[in-house]
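A.B. asks: First the structure, then my questions, so here it is.
The values are calculated or read from the model by the stated rules, or taken from the named source; none is laboratory data. Note that the coordinates shown come from a computational prediction; the quantities given were computed from them, not determined experimentally. Cβ placement follows ideal geometry from the backbone for every residue including glycine, while neighbour counts extend to all protein chains displayed. Surface areas here come from the heavy atoms of the whole protein model, side chains and all, with no ligands, DNA or RNA. Shrake-Rupley method; radii C 1.70, N 1.55, O 1.52, S 1.80 Å.
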Amino acid sequence: MPLQASSKPECITQLYKAKMPPKGCALLGLIGHPLDKSCSDRIHNAYCQTVGLPAYYGKASVTPNTLADFLEQAKVAGLTGLSVTMPLKEVILDYLDEIDPQAQSIGAVNTVLFKNGKAIGYNTDGIGAIKAIEQKLNQTLSGKRIVIIGAGGAAKAIAAESVKQGAHVTILNRTQAKAKQLATKLNCAYGPLTYLPEVLASGSDILVQATCVGMLRAHSLIPAPLLTSSTLVFDIIIQPAMTELLKNAQQQGCPILSGQAMWIHQALEQYKIWLGDTAVLDETALKSACQAIFNS
Ligand code: ATR
């Protein structure tokens, strides 16, 4: 039976609006702002329905100003967990009761678990990216040379996890100071974006495009002639799946990986955190839900 209107805490109304979850479902959702373009609620719900997981996923527009209230209400309302997106991934660290050490070292949280009245923060972006890459390569990242373009939240998570897995990481960013800050923390190489030709010429196993460039228009920061077929090219952009960079890379004969693969793996990691042993982890079903909705 759906929740009654009179018993709805504000955070529940915000998350699920008119479409209340059936009783007994684990309450999940996405917070951030703006969320109008996000279709992750539709993907998660399609997945849960397909695999018979009693969970329901909503989305609520939450800003840094409303975050503290939302989290307090969410604890009381019995939420199981949340995904966290822009602009909250870093600011949320100040409002959590506990933070997983890897999320703390990345400095960003994309997943919250509510447990025993506490809000606990995790980051599954890095591990999601690494799992997608390792699956594509059919090898671990240990000893691989990875070049990461960007030094924002996504780049931080991927770089930290890559270093943890024993890869040799080089961070290149438009603003060199940010690359330096990140590289110093992780003890890896860095430089401005203009170093890209010489870094790629010296040989790399994996090139990760971790900026938003290519999302809104067909444009790539990496000139096609720099790409060689021995390098796996991974673009974190989710939509479009085939960015300008990936099209160029494919033409150059490179193996390619889209942000959708990372999204699927980071979401599977979230289900493990939220639902533990009761999680259903069906990569094929999540991939189908993802493709059906992104391509619709
Ligand atoms: P996210 O948290 O999603 O990773 P972010 O923190 O805003 O996003 O970081 C965006 C990254 O994309 C940054 O590395 C940014 O470079 P700067 O540090 O120089 O700002 C990079 N970026 C964004 N637009 C860019 C552009 N047009 N050219 C090169 N780099 C760009």
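A.B. asks: Between the helical axis of 125-137 and the dominant principal axis of the chain, each derived from Cα atoms, what acute angle in degrees is found, rounded to the nearest 10?
C.D. replies: Computed tilt is about 50 degrees.
A.B. asks: To continue, here is another question. Could you state the angle between the C-alpha long axis of helix 176-186 and the longest principal axis of the C-alpha atoms of the chain, as a value from 0 to 90 degrees rounded to the nearest 10?
C.D. replies: Taking Cα atoms only, the helix is inclined about 70 degrees.
A.B. asks: Ignoring ligands, DNA and RNA, what percent of the accessible area of the chain is carbon or sulfur (1.4 Å)?
C.D. replies: After summing per-atom areas, the C and S share lands at 52 percent.
A.B. asks: Taking amide H atoms as placed 1.01 Å from N in the peptide plane, list the residues 5 or more away in sequence, or in a different chain, whose amide H sits under 5 Å from that of A119.
C.D. replies: D97, E98
A.B. asks: Count charges around G32 for me, please; just the other residues with Cβ under 9 Å from its Cβ, Lys/Arg as +1, Asp/Glu as -1.
C.D. replies: +2
A.B. asks: Let me ask you something else. Taking the Cα-to-Cβ direction at K272 and at Q73 and moving 7 Å from each Cα, how far apart do the two end points lie in nm?
C.D. replies: Simple spin-label model gives 3.3 nm for this pair.
A.B. asks: Given H placed 1.01 Å from N in the peptide plane, which residues other than close sequence neighbours of Y190 have an amide H under 5 Å from its amide H?
C.D. replies: Those qualifying (amide H under 5 Å, at least 5 residues apart or on another chain) are I171.
A.B. asks: Only Lys, Arg, Asp and Glu count, each charged at its Cβ (+1, +1, -1, -1), so figure out the dipole size of the stretch 57-147 about its Cα centre, rounded to 20 debye.
C.D. replies: That gives the stretch 57-147 a dipole magnitude of about 460 debye.
A.B. asks: Using modelled backbone amide H atoms (1.01 Å from N, in-plane), which distant-in-sequence or interchain residues come within less than 5 Å of A26's amide H?
C.D. replies: Under 5 Å from the amide H of A26: A55, Y56.
A.B. asks: How much area per residue is accessible in the chain when the probe is 1.4 Å and only protein heavy atoms are counted (Å²)?
C.D. replies: Here the per-residue accessible area is 46 Å².
A.B. asks: For the chain, what is the calculated [θ] at 222 nm in deg cm²/dmol (nearest 500), taking -39500 (n - 2.57) for each run of four or more DSSP H residues and dividing by its residue count?
C.D. replies: -12000 deg cm²/dmol, from helical runs alone.
A.B. asks: Which is the longest part of the chain that has none of the trypsin sites (Lys or Arg not before Pro) sitting in a DSSP loop with at most 14 other Cβ atoms within 10 Å?
C.D. replies: 38-216
A.B. asks: Turning to a different aspect of this structure: Label R174 and K287 with points 7 Å out from Cα along Cα→Cβ: what is the distance between them in nm?
C.D. replies: 3.3
A.B. asks: Given a Förster distance of 25 angstrom, what is the FRET efficiency for Y195 paired with S229, based on the Cβ-Cβ distance and rounded to 0.05?
C.D. replies: Calculated transfer efficiency: 0.70.
A.B. asks: Simple spin-label model, 7 Å along Cα-to-Cβ: Q251 to Q102 in nm?
C.D. replies: 3.7
A.B. asks: What net charge is computed for the residues neighbouring I106, neighbours being all others with C-beta under 12 Å from the C-beta of I106, Lys and Arg scored +1, Asp and Glu -1?
C.D. replies: Net charge around I106: 0.
A.B. asks: Past 28 Å, Cα to Cα, is the threshold; run K89/K178; K19/K287; K75/K287 against it and keep the listed order.
C.D. replies: K75/K287
A.B. asks: Find out how many positive minus negative residues lie around I264, taking Lys and Arg as positive, Asp and Glu as negative, among other residues whose Cβ is under 11 Å from that of I264.
C.D. replies: Net charge around I264: -1.
A.B. asks: Here is a further query. Karplus couplings for the stretch 190-199 from phi (6.51 cos²θ - 1.76 cosθ + 1.60, θ = phi - 60°), rounded to Hz, Gly and Pro as x?
C.D. replies: Result, rounded to whole Hz: 7, x, x, 4, 5, 7, 3, x, 6, 5.
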